[in-house]
Amino acid sequence: MAEPLKLMYTEDFIVQFARKVRSAYPAFDEPRFIHTVLGNGWEVLELKARMRRISETLGLTLPQSFTEALQVLVQIDETCVGFPYLFFPDFVERYGQQEEHFEQSLDALERFTSKSSSEFAIRRFLIRHPERTMERMRLWATSDDEHVRRLASEGCRPRLPWGQALPMFKQEPSPVLNLLEMLKADPSLYVRKSVANNLNDIAKDHPHRVRETARRWYGSDPLTDWIVRRGCRGLLRKADPEILDLFGYASPQEGEKALIEQASFKVSPNDIAIGESAELNYDLHIRMGEPLRIRLEYAIDFVKASGRTSRKLFLLTDRTFDGGERVSGVRRHRFADLTTRKHHTGLHRIFLLVNGAECAEDMLTLQAPLLS
């Protein structure tokens with residue numbers, strides 16, 4: 001299992017960083033900085049709390065003038081590149097909120113984002129000054145630097161993971177959608193992924209707005225088509241009829257001929273312990289006639305601690321099948337706890353889905369983990 005990200009902040013990292021700061025600011029109190037960062041419960045702090053501890057300790061040990069302190073960081077930022085240095089923009093978020101520092105702070109976030117990322121720090125500026133900050137972000141969307149263009153998109157995602165939510169954009173996404181128009185055919189995959197993720201965020205609160213955007217964008221440019229496809233993944237998993245139709249999936253309405261002539265789905269064994277695996281065997285016969293675009297998935301209704309269930313989808317295949325084609329296969333699924341999912345004992349229903357419609361099912365009982 002991979003080590004927690006917070007462990008990248010080793011004592012050696014803190015000591016080496018303190019030396020870098022002192023090289024630009026001879027009055028810097030290295031011992032005080034190191035002792036303060038690593039003291040008072042450091043071991044139990046999680047990743048973001050450790051970043052904030054470092055940035056706040058910089059606030060104690062750098063010049064009290066924000067402008068002067070920022071200049072120290074600017075002098076060493078070329079040697080401070082990578083994810084661990086997210087505390088550079090965090091310092092700006094923590095100490096650069098005063099009105100007189102607004103432009104200077106956004107300049108610093110633009111500079112620091114190419115070294116680490118300012119996507120989290122910009123959000124507090126957006127909440128306090130949404131129009132002024134979005135005006136700057138529209139300028140960033142025209143930058144020659146892909147990191148800056150990505151910040152324009154990633155920074156205004158309404159539901160950025162690990163980031164502060166932006167309730168004003170969850171309620172009204174128009175400012176975000178207008179910005180994304182500027183990036184819908186960006187040459188950088190790094191930027192396009194962000195634009196797509198932003199669309200996927202918006203679709204959770206305003207699916208109709210994303211449907212409209214998808215219809216308008218799709219087919220205009222191969223790069224844009226990639227964004228639309230990825231940005232609509234949540235709607236696609238929900239088998240949204242308009243999105244299925246947009247991407248060419250067969251989506252018969254009620255009363256029309258079924259897509260599948262016959263389907264079977266078998267889970268083996270049907271009784272396992274948490275941490276063990278089961279085989280999922282599927283076999284289906286596509287209806288006769290013209291080729292059909294099919295998205296084949298299986299869904300597990302995971303039992304939660306409350307006894308209720310929560311569905312998770314897993315893709316088996318996504319392609320165009322010939323009419324009358326026979327499709328079969330086996331997928332092994334391991335029911336082991338993850339950082340994002342804890343398994344619970346009980347009866348789990350598992351379904352085979354064709355373009356979002358259930359066509360076969362089986363059940364599996366999860367027992368308590370085996371004692372080692």
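Given the peptides 104-110, 38-44, 86-92, 19-25, arrange them by the average over their residues of other C-beta atoms within 10 Å, most packed first. Could you put the intermediate results ahead of the total?
Values: 104-110: 21.6, 38-44: 10.4, 86-92: 26.3, 19-25: 16.0.
Packing proxy ranking, top to bottom: 86-92, 104-110, 19-25, 38-44.
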- The list (1) 78, 57, 32; (2) 58, 42, 35; (3) 66, 45, 33 gives values of Cα extents along the principal axes in Å, and only one came from this structure; which label was calculated from it? (1)
- Could you pull out every one of the lysines with an alpha carbon less than 27 Å from that of residue 304, ignoring same-chain neighbours closer than 8 positions? 204, 238, 266, 312, 342
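Hand me the GluC sites (Glu not before Pro) from region 166-274 located in a DSSP loop with no more than 14 other Cβ atoms within 10 Å, in residue order please. Kindly include the intermediate steps, with their values, before the conclusion.
Numbers: sites: 181, 212, 242, 254, 256, 261; in loops: 254, 256.
The qualifying sites are 254, 256.
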- Query: At a Förster distance of 30 Å, what's the computed FRET efficiency of residue 238 paired with residue 104, Cβ-Cβ distance as r, to 0.05?
  - Reply: 0.10
- Message: Just to confirm the number: angle between the C-alpha axis of helix 11-24 and the first principal axis of the chain, 0 to 90 degrees, nearest 10?
- Response: 50
- Under unit Cβ charges (Lys, Arg +1; Asp, Glu -1), what dipole magnitude, rounded to 20 debye, does region 260-367 have relative to its Cα centre? 460
- Query: What angle do you read, to the nearest 10 degrees and between 0 and 90, between the alpha-carbon axis of helix 189-205 and the longest principal axis of the chain?
  - Reply: 70
- Reachable lysines, given that their alpha-carbon falls under 23 Å from the alpha-carbon of residue 20 and they are not under 8 places away in the same chain: 6, 48, 115
- Message: Tell me the angle of helix 47-61 to the major Cα principal axis of the chain, expressed in degrees between 0 and 90 and rounded to the nearest ten.
- Response: 10
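Computed from the coordinates by the stated procedures, all read-outs in this text should not be read as laboratory data. Small disclaimer: the values here were computed from a predicted structure and weren't measured. Note that each Cβ is placed from the backbone with ideal geometry, even for glycine, and that neighbours are counted across all protein chains shown.
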